[in-house]
1. If you line up the long axis of helix 147-160 against the longest principal axis of the chain, both from Cα atoms, how many degrees apart are they, to the nearest 10?
2. Okay, which of the stretch 132-151 sit inside 19 Å, backbone N to the point 7 Å along the Cα-Cβ direction of residue 176?
3. Tell me the angle of helix 167-179 to the major Cα principal axis of the chain, expressed in degrees between 0 and 90 and rounded to the nearest ten.
4. Please work out whether the stretch 98-183 counts as rounded, prolate or oblate from its C-alpha gyration tensor, where a ≥ b ≥ c are the square roots of the eigenvalues and a/c under 1.5 means rounded, while otherwise a/b larger than b/c means prolate and anything else oblate?
5. Run the numbers on the chain and let me know its relative contact order in percent, using alpha-carbon pairs under 8 Å that are six or more apart.
6. Rank 59, 140, 91 by how far each Cα sits towards the positive end of the charge dipole of the stretch 41-179 (+1 on Lys, Arg Cβ; -1 on Asp, Glu Cβ) and give me just the farthest.
7. Let a ≥ b ≥ c be the square roots of the eigenvalues of the Cα gyration tensor of the stretch 33-140; is it rounded (a/c under 1.5), or, if not, prolate (a/b larger than b/c) or oblate?
8. Mean separation of Cα pairs under 8 Å and 6+ residues apart, divided by the residue count of the stretch 117-183: what relative contact order is that in percent?
Amino acid sequence: MRALALIAALTLAVPALAQPRPTSRAAEFDALYGGLKVAPSTETAAKIETRLHQLWALSIAPSALLLLNRATRELPEAPQEALEDTEAALVLDPAAPEGYHRRALVRFSLGDYPGALADLAETVKREPRYFPAWQTMARIAEQREDHKAALTAWQKVLELNPKIPNGEDRLKSLTRKALGDDT
């Protein structure tokens, strides 16, 4: 309920929540995703990732971002409140992939794997290159001991971000689990 009151207040305070995203930002996203694929080192990739995280945050309505950040802080101690805040954020900005991803993380922490996977599907539907969602899919699949699905998701992570730290080691581990020790 407190989240609904906050939504009402923020909606009145921020009248232009549904403005279209600037096309220059879309071009920067494209360039950054392209840069991840050809980054010469993990350090370079990490810098690109940092900028992607900044752009993802800038792509969310400020009021929704406020709720998502609060949900992240609440998650360890108050997961139900975190869930309410992520749901409220999605009311304010239903197009934001990060909103679905963060709700997926909350649902995952609550053991709601089907809900988390549905949110991750919404995330990648809105932004197929959103590799954190693919990482979360891999974690959930591995938790459920669905190693083939975990491998498939992790392969997508590496396709998008080949220099992710420990990426190749994780790929080898998931390949062994999914296909057996003889591979």
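1. 80 degrees
2. Taking a point 7 Å out along Cα→Cβ of residue 176, the residues of the stretch 132-151 whose backbone N falls under 19 Å are 139, 142-151.
3. Compared with the principal axis, the helix lies near 70 degrees.
4. Details: a/c = 2.38, a/b = 1.43, b/c = 1.66.
Since a/c reaches 1.5 but b/c is at least a/b, the shape of the stretch 98-183 is classed as oblate.
5. Details: 206 pairs, mean separation 33.9, N = 183.
Relative contact order of the chain: 19 percent.
6. Of the options given, the answer is 140.
7. Numbers: a/c = 1.86, a/b = 1.54, b/c = 1.21.
Taking the square roots of the gyration eigenvalues as a ≥ b ≥ c, the stretch 33-140 is prolate.
8. Values: 59 pairs, mean separation 17.8, N = 67.
It comes to 27 percent, rounded to a whole number.
Laboratory data are not the source of any read-out in this text; all were calculated from the coordinates shown. Predicted model, so just to flag it, every value in this text is computed and none were measured. Neighbour counts are summed over all protein chains in view; Cβ atoms, including those assigned to glycine, are modelled from backbone coordinates with ideal geometry.
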